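Here the structure is laid out as structure tokens; the discussion comes afterwards.
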Amino acid sequence: MTAPLEEHFFRREYGRLVAMLSRRVGVHHLETIEDAVQRALLAALESWPTGQVPTNPSAWLYRVAHNNLLDELRRRARTNELAAAHELGQSDAESSPDPFLAGDVRDDLLRMLFSCCDDAIPVDSQLVLALKTLCGFDVREIAERLFTTEANVYKRLTRAYGRLRDVGFELRDLEPTELRQRLPSVRAILYVLFTEGYLSSHADGAIRSELCDEARRLSELLAEHPLSAEPETFALLALMYLHTARQSARQNATGGLVLLEEQDRSLWDQEAIHLGLTWLARSAEGDVFSRYHAEAGIAAEHCRAPSFAETRWERIVACYELLEQLAPSAIHALNRAVAVAESQGAAAGLAVLEGLEPPPPRLAESYLWSAVFADLHGRCGNPELAARYRDAALSSAPSDAVKVALRRRFQALP
Amino acid sequence: MPKYLCLQRSLPMAKSGGEKPSPAEMQAMYEKFNAWREKFQKNLPDLGGRLGDGRLALPAPAPDGPFIEVKELVGGYMIVSAASLDEAIQIASECPGLMRPGSGVEVIEILIPPA
């Protein structure tokens, strides 16, 4: 009987194979590599179920994909693409020893991640490229997860492929200094990947957690590699653990949103909290305090608090102040106002908001902005203002789940 | 129990669309196939396989006939044991590898001479 394959086997193998082969023949052949990998996976799908799954499925796939790739590159060399012939002659593709012995597959994955984070590739293209090559999602799946169209994903990808083709051979071995230079972009892309999943309003919970899992998996690689194991990376990983720990409590059985003060804290994942706090402790060395530190610090305070009322709001306020200095943003100020309202009263929270520069229209028109005003005005005894903001919040709520949660919250107001 | 030869046939009019399955879809197909195989374990004495190139051998030189095209249309074979043709068709139809866009299955009883 065929043994069941590990979860996400095909997607994981796709990422591993693309990374390993890119290392061997150069990332400028990326599209050809992806094609060879796709065909190897199809071959497995056709032959494994009726016969035997090989003892080492990964090695089997590597062999098939590697042969597919060399065949294609040789074919091109024959059809007088001299450049291809030249490269093939230079590359170690033919003589390379068993890649599973020669180097850690994880090294190859990281290298691929760094290749995606080329400054010359726009950030939104970097994200899509990483999802495609490292996570093994196809264009349709990426579009679904990022709430955009397939045409848009395709456009972003094309830009990235174009850049990688131009860079050509030099990228094959990024120097350690280059890798260090790219490290902030790599963390930024993993952060975006995580946030896309965490804030996603996708109806399917599995799809929502998938992006978070992928981001955490890649961040873990980063945190374990000597080149990128540094406090900022640890803080990034800590914040991912501390956020996902509370994820299952954020939604009820019917997919409705559960507000922080209503959440059943016994549903929080204690193991994830423990891991998050461990990484956070490791991040507290050196002299860099990054936005990841601030955000992980905030998440840690929530995770540590036995109840909403017993939260150490003054510490959360302090973290938001630091976060605003590191990454100025009206949304951080809004969050600080909420924390101030909890620690010093609604009037103090309102004072914070009234002291702010006008926020960008996107935020000013969002339900979040209006909802906080409605809440604080309600608690300060300004019923007319509260009602006006309440209506604005409800009419700009992006989903029914948000609307329901808002109504419940507003009903609790005095 | 009678045995049936199942031939996977590509349907020329419905090209599979050119859409390549994503790795996640491949995983789903793999798991579906395994579930099917488990469900009909006792009906599947020979899972067969895909068919490659072949040639028709004839006692006399082959006329350019309809024979050539046959091989292009048959992608694979499998033996199913079932109580009836209908049951065999049912089993084959539930196989995710056989019944999909651009593919169908032909089920033929293998006659066994009476003992």
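Details
- Each label point was placed 7 Å from the Cα along the Cα-to-Cβ direction; for residue B:25 and residue A:391 their separation is 4.8 nm.
- Between region A:21-51 and region A:377-404, the alpha-carbon centres lie 53 Å apart.
- Close Lys pairs in the protein assembly as shown (alpha-carbon distance under 23 Å; sequence gap of 8 or more, or different chains): 10.
- Rounded FRET efficiency, nearest 0.05, which uses the C-beta distance separating residue B:11 from residue A:151 and R0 of 41 Å: 0.85
- Shape call, region A:265-396: gyration tensor on alpha carbons, a/c limit 1.5: prolate
- Within region A:20-58, the residues that become at least 40 Å² less accessible when every protein chain is included than when their own chain is isolated (1.4 Å probe; DNA, RNA and ligands ignored) are A:38, A:45, A:46, A:49, A:50.
- FRET efficiency for the pair residue A:204 and residue A:348, taken as 1/(1 + (r/R0)^6) with r the Cβ-Cβ distance and R0 = 35 Å, rounds to 0.30.
- Each of A:191, A:181, A:219 was placed along the dipole of region A:176-234 (beta-carbon charges, centred on the mean Cα), and the one lying farthest toward the positive end is A:181.
- Relative contact order of chain A, defined on C-alpha pairs under 8 angstrom at six or more residues apart (%): 10
- Here the accessible area of region A:280-414 is 53 percent carbon and sulfur, with a 1.4 angstrom probe and all protein chains present.
- Anisotropy class of region A:101-224 from Cα gyration tensor, a/c 1.5 cut: oblate
- Per residue, the accessible area of chain A comes to 46 Å², computed with a 1.4 Å probe over protein heavy atoms only.
- Length gained on full extension, residue A:166 to residue A:278: 36.1 nm, using 0.36 nm per residue less the C-alpha separation.
- Placing R0 at 25 angstrom, the Cβ-Cβ distance between residue A:362 and residue A:106 gives a FRET efficiency of 0.05 after rounding to 0.05.
- Charge tally around residue A:404: other residues with Cβ under 15 Å, Lys/Arg +1 each, Asp/Glu -1 each, net +4.
- Spacing of the two label points (7 Å from each Cα toward its C-beta) at residue B:73 and residue A:67, in nm: 3.1
- Shape class of chain A from the Cα gyration tensor (axes a ≥ b ≥ c, square roots of the eigenvalues): prolate, since a/c reaches 1.5 or more and a/b is larger than b/c.
- Here the accessible area is traced with a 1.4 Å probe on the protein chains. For region A:101-224, carbon and sulfur cover 51 percent of it.
- For chain A, the Cβ-based charge dipole about the Cα centre amounts to some 620 debye (Lys, Arg positive; Asp, Glu negative; other atoms uncharged).
- Neighbouring partner chain Cβ atoms per residue of B:35-44, average, 10 Å criterion: 1
- Note on residue A:279: accessible area is roughly 30 Å² with a 1.4 Å probe, heavy atoms of protein only.
- Distance in nm between pseudo-label sites at residue B:109 and residue A:47 (7 Å out along the Cβ direction from Cα): 3.7
- Taking 0.36 nm per residue of separation and subtracting the current Cα-Cα distance, fully stretching the chain between residue A:79 and residue A:55 would add 4.9 nm.
- Accessible area buried at the A-B interface, both sides summed, 1.4 Å probe (Å², nearest 100): 1900
The values are calculated or read from the model by the stated rules, or taken from the named source; none is laboratory data. Everything quoted here is computed from the prediction, not taken from an experiment. Backbone-built Cβ (ideal geometry, glycine too); neighbour counts: all protein chains shown. With ligands, DNA and RNA removed, areas are computed over all heavy atoms of the protein, side chains included. Shrake-Rupley method; radii C 1.70, N 1.55, O 1.52, S 1.80 Å.
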